[in-house]
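Just below is one structure, and these are the notes that go with it.
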Amino acid sequence: MTAQTANQTAPAGAPAYLSVNNVEVIYDHVILVLKGVSLEVPEGKIVALLGANGAGKSTTLKSISTLLKGERGEVTKGSIAFRGERVDQLTPNELVKKGMVQVMEGRHCFGHLTVEENLLTGAYTRSISRADLKESLERVYHYFPRLKTRRTSQSGYTSGGEQQMTAIGRALMARPTMILLDEPSMGLAPQIVEEIFEIVRDLNQREKVSFLLAEQNTMVALRYADFGYILENGRVVMEGDAKELAANEDVKEFYLGLSSGGRKSFRDVKHYRRRKRWLA
Ligand SMILES: Nc1ncnc2c1ncn2[C@@H]1O[C@H](COP(=O)(O)OP(=O)(O)O)[C@@H](O)[C@H]1O
Ligand SMILES: [Mg+2]
């Protein structure tokens with residue numbers, strides 16, 4: 001065991017499944033986007049990462065999955081640990097082998113491939129038998145029966161909801177224990193959003209997959225999540241139990257636009273509080 005790993009597992013009690021500690025991210029060497037983000041996902045939980053467009057949700061997810069490098073982004077401070085081990089220096093493929101997969105914002109299916117071909121691309125990091133591959137596919141179809149009926153359709157001609165399901169299904173093909181899911185509700189009708197979130201809950205409860213879920217759709221996300229963090233301008237401005245956050249007057253005022261003076265910043269909201277755990 002390295003000194004770093006020993007350090008991560010030293011405190012009493014189980015370490016968080018995923019922990020992001022005071023992470024700073026800079027794009028193009030100058031654009032400071034994350035200003036010290038800390039969050040935790042306990043094993044087997046759904047944690048929502050909430051915030052308006054541009055708050056830094058996708059950047060946070062990409063800093064975890066090490067996909068930032070392709071976008072001229074860099075983690076310049078802080079650390080990320082998964083299952084008690086530092087993972088900041090791994091490649092996305094190594095991370096997938098450890099059990100963590102990201103489903104990117106905007107679905108990203110290969111439009112010219114069929115639904116089933118798209119799903120099969122998700123198993124590329126595993127060297128497995130045809131029988132295993134078939135079993136993994138059947139498992140995806142079990143959770144997403146719609147995809148089974150559409151298996152031979154070209155993805156480019158399927159609906160937005162089906163493409164989102166294909167993207168999640170493809171991630172499942174890698175047999176992850178943790179999924180970073182970026183804005184699954186984006187551009188989808190409310191009924192389809194519910195359908196997708198029900199499947200996320202199912203995967204969480206039956207397959208014990210942990211989720212870090214980035215969403216602008218605050219109230220829906222909080223109905224399915226156990227815990228939530230609210231991100232604003234690259235900082236966590238509020239965190240709490242999902243039910244408490246959903247009932248919080250400030251969250252309601254801000255996200256449902258109930259305030260008279262228009263949409264304000266969370267920083268102006270009176271009861272704003274933040275545990276400064278990592279600033280020692
Ligand atoms: N590749 C990039 N280069 C420069 N700035 C970026 C890049 N990606 C995102 N940003 C900026 O970082 C901020 C946060 O973006 P993002 O993480 O995508 O937020 P969210 O997912 O919450 O909408 C935004 O101001 C955005 O313009
Ligand atoms: Mg985003």
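The values are calculated or read from the model by the stated rules, or taken from the named source; none is laboratory data. Just so you know, these numbers come straight off a predicted model, no measurement behind them. No Cβ is skipped: glycine too gets one built from the backbone with ideal geometry, and neighbour counts run over all protein chains shown.
Between L119, L95, which is touching a Gly at 6+ places or on another chain (Cβ under 6 Å) and at pLDDT 90 or above?
On the way: L95 fails: touching a Gly at 6+ places or on another chain (Cβ under 6 Å).
Step by step, each of L119, L95 is checked, and only L119 is touching a Gly at 6+ places or on another chain (Cβ under 6 Å) and at pLDDT 90 or above.
Can N118 be described as of a type in the set (S, T, N, Q) and under 18 Å from the mean Cα position of the chain (by Cα)?
Numbers: of a type in the set (S, T, N, Q): yes; under 18 Å from the mean Cα position of the chain (by Cα): no.
No: the conditions fail for N118.
For segment 204-225, residues that are more than 14 Å from ligand 1 (Cβ to nearest atom) and either surrounded by fewer than 18 Cβ atoms within 10 Å (Cβ to Cβ) or among the β-branched types (V, I, T) (or both) total 8. A search for C-beta distances below 7 Å between a residue of segment 31-48 that is at pLDDT 95 or above and any residue that is within 16 Å of ligand 2 (Cβ to nearest atom) and acidic (D, E), counting only pairs 6+ apart in sequence or on different chains, returns A48/E215. Against the definition (touching a residue at least 12 places away in the same chain (Cβ under 8 Å), within 16 Å of ligand 2 (Cβ to nearest atom) and under 27 Å from V37 (Cβ atoms)), how does V75 come out, yes or no? Against the criterion (touching a residue at least 12 places away in the same chain (Cβ under 8 Å), within 16 Å of ligand 2 (Cβ to nearest atom) and under 27 Å from V37 (Cβ atoms)), V75 does not qualify. Taking segment 137-149 as the range and being part of a helix (DSSP H, G or I) and under 23 Å from S65 (Cβ atoms) as the test, the residues that pass are R139, V140, Y143.
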